1. In what sequence, highest mean first, do 279-287, 245-253 appear when ranked by Cβ atoms within 10 angstrom?
2. If you average the C-alpha positions of region 1-21 and of region 133-204 separately, how far apart do those two centres end up, in angstrom?
3. Holding the Cα-Cα limit at 27 Å, pick out from LYS48/LYS116; LYS55/LYS262; LYS48/LYS281; LYS121/LYS205; LYS107/LYS234; LYS107/LYS334 the pairs that are longer than that.
4. Helix-only mean residue ellipticity at 222 nm, the chain, DSSP H runs n ≥ 4 weighted -39,500 (n - 2.57), per residue, nearest 500. What is it?
5. Below 8 Å, C-alpha to C-alpha, sequence gap of six or more: please give me the relative contact order for region 1-153 in percent.
6. Where a ≥ b ≥ c are the square roots of the eigenvalues of the C-alpha gyration tensor, would you call the chain rounded, which needs a/c under 1.5, or, failing that, prolate if a/b is larger than b/c, or oblate?
7. Taking a cut-off of 16 Å, what percent of all Cα-Cα pairs in region 35-82 are separated by more than that?
8. Would you mind putting 49-56, 152-159 in packing order, based on average other-beta-carbon counts within 10 Å, highest first?
Amino acid sequence: MSTHKHYTGLIERYRDRLPVSADTRIISLNEGNTPLIQLQNIPRLLGKDVTIYVKFEGLNPTGSFKDRGMTMAVTKAVEEGSRAIICASTGNTSAAAAAYAARAGIKAFVLIPEGKIAQGKLAQTLMYDATIIQINGNFDQGMALVKEVAEQAPVTIVNSINPYRIDGQKTAAFEIVDDLGFAPNYHCLPVGNAGNITAYWKGYKEYATDRVCNNRPVMCGYQAAGAAPFVAGKMIDNPETIATAIRIGHPQSWESAWAAQKESGGWFDKFTDDQILAAQKMLSQYEGIFCEPASATSLAGAMQDIVSGTIPEGSTIVCTLTGNGLKDPGSAIKQCAAAHPVTIDASLDAVKRAILDSL
Ligand code: F0G
């Protein structure tokens, strides 16, 4: 018998812990199984004795963690006979919905805030051939419309208010524990609509309850300063941030995110766009890992709390990097505008000079 084991996605891997049966047709793009990468240079730069891992979710098939939830949500939508799915999105959910709908052979409708989603996300969603409905409004308004329209049209909502999304996304916590052999002391992640913090906490709790591990992490939820309802303790009407993925003021998973924070003994905090971009650049420059701005909020938070001692030395920390940097080339190029690439003659001499000049 062959000893090869072809990885075919997180539903197959964690089928015992997910609501599927032997007959379920699984809609998958082999998502999950993302690398848990230990940071080597940033802890040294911080001057602290901590172990930091990043869970690089940008390496999922559509470049974000949304694929974990979408494989489950679309699998169940198809199983229940749905012919169309719908979501509101800041870009990543729409890309994932479009891809999994394409895979399943059903239709995807996506509502996106006009002019406020990163270029790569728009390109993907166009290519996967979803029907894009741009609104003159933000994510929160799009979400409200999606909930209303789904009551009147034959479409299945695949935002994270769909419980199957949370089930799929909880597998990221399983993978971390399976990789490390234990749960980290702290789990840091960006919070927008708050589905992901809900999902990780569900996954960690499930593994601890079933004694797969003995511990559970403290959950640290970090937001952009202009879109920080959990820090304000109330919903925000006009969220603003360069991290467009988390430009959300009315998170749908409000109660469950508070439960994660309280039950785990964790906290919420907020970071300015400059702090978020600085963390994104550090990760690229010192570790060779390029994530999108929203994702770097997790590291911005972890670094601050490590330096202040809120996260003590000796801790093991996992930061989720929710999306790939290639999703948003515009913000990266803008951020690095000062580092103009030089243009020279196509001659050996000129290339040699350019190298020697910058050594
Ligand atoms: N990071 C990225 C890259 C995201 O795309 C999102 C959410 C989050 C973090 C926040 O996760 O909503 O579970 O708290 N993006 C959604 C979307 C809203 O439409 O793509 P959350």
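Laboratory data are not the source of any read-out in this text; all were calculated from the coordinates shown. Fair warning: this is a prediction, and the values are worked out from it, not measured in the lab. Backbone-built Cβ (ideal geometry, glycine too); neighbour counts: all protein chains shown.
1. Working: 279-287: 19.6, 245-253: 23.9.
Top to bottom by mean Cβ count within 10 Å: 245-253, 279-287.
2. Comparing the Cα centres of region 1-21 and region 133-204, I get a distance of 22 Å.
3. On the way: LYS48/LYS116 37 Å; LYS55/LYS262 23 Å; LYS48/LYS281 20 Å; LYS121/LYS205 32 Å; LYS107/LYS234 35 Å; LYS107/LYS334 35 Å.
Going by Cα-Cα distance, LYS48/LYS116; LYS121/LYS205; LYS107/LYS234; LYS107/LYS334 fall outside the 27 Å limit.
4. Mean residue ellipticity at 222 nm (helix-derived): -12500 deg cm²/dmol.
5. 18
6. The shape class here is rounded.
7. 58
8. Those peptides, ordered most packed to least, come out 49-56, 152-159.
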